[in-house]
Amino acid sequence: MSEPRERVPAPAEARARRLRAPLLVTLWALLAIEAAGGLVISFARLAAGATPGIALHVVAGFALTLAWAAYQWTHWHRVAPWRPRLDYVLGLIGASSMLLALASGFALAPAWWNARDAATAPPYPAGLSGAHNVMSMFVLTFVGAHLFAVLHRAARARI
Ligand code: HEM
Ligand code: HEM
């Protein structure tokens, strides 16, 4: 008697499973913490000249870096090789922005650490601070656009 074959999940079911994967959910949660924390820092700086919650922002930034590196590695190996498609282009811009947002965040962190006991605000280099701010907006825009393009493509394929 032949062995019962394992059922291959339909593409929509497989994607729904991937969207619920613990690593991806962790990545979204950490990105939300970083985005909300960054927004608070940005507004507080303009309104009161203060930058509250940086310690949480930096610690969650470390965790986000690890979660994203792990996700991106497996994600790329699943979707490789490169294809000239909108979802690939948006994914590449999203991932490049993430790399630059994280790198500029790590470059800013020593100024915060060195001035943690000082009464005055840390001397963040203006160019680096601006680049971090802009890259963080790029991450949210292009990761969102990437996801929209992927889901839109899948919905059209089902019509
Ligand atoms: C994608 C993830 C991240 C997002 C969305 C993000 C977002 C932001 C935003 C919007 C600001 C306010 C910038 C300003 O108004 O000047 C900020 C500040 C800051 N971020 Fe991030 N950040 C991220 C990752 C990180 C990481 C990984 C680190 C360090 C490990 C970090 C360290 C800092 C520091 C030290 C500041 C204060 C300096 C400053 O305001 O220029 N960030 N972040
Ligand atoms: C910040 C980086 C990225 C995030 C957070 C991200 C997230 C996602 C998510 C949540 C999905 C839908 C679930 C799934 O089908 O797995 C997806 C699908 C996809 N991503 Fe990304 N992605 C990123 C970067 C990239 C990059 C760099 C590429 C390629 C250049 C890429 C190519 C794709 C493709 C082709 C799909 C559709 C896969 C399919 O239909 O089976 N992504 N991505």
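What follows is calculated from the coordinates using simple rules that are stated; it is not laboratory data. Remember, predicted model here, so these are calculated numbers, not experimental data. Positions of Cβ are generated from backbone atoms using ideal geometry, with glycine treated the same way; all protein chains shown enter the neighbour counts.
Listed values, structure above:
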item	result
Dipole magnitude of the chain about its Cα centre (Cβ charges: Lys, Arg +1; Asp, Glu -1), debye to nearest 20	680
Sites residue 16 and residue 56, calculated FRET efficiency, Cβ-Cβ separation with R0 35 Å, nearest 0.05	0.65
Potential lengthening between residue 128 and residue 74 on full extension [0.36 nm per residue; Cα-Cα distance subtracted]	16.4 nm
Ellipticity estimate at 222 nm from DSSP helix runs (n ≥ 4, -39,500 (n - 2.57)) divided over the chain, nearest 500	-27500 deg cm²/dmol
Contour minus Cα-Cα distance for residue 6 and residue 32 (0.36 nm per residue)	5.6 nm
Region 75-159 - charge dipole about Cα centre, Lys and Arg +1 at Cβ, Asp and Glu -1, debye rounded to 20	560
Region 1-84: relative contact order in percent, alpha carbon pairs under 8 Å with at least 6 residues between	27
Descending principal axes extents, the chain, alpha-carbon based, whole Å	77, 34, 25
Charge-dipole axis of region 1-155 as Lys and Arg at +1 and Asp and Glu at -1 on Cβ define it, positive-most pick from 56, 142, 126	142
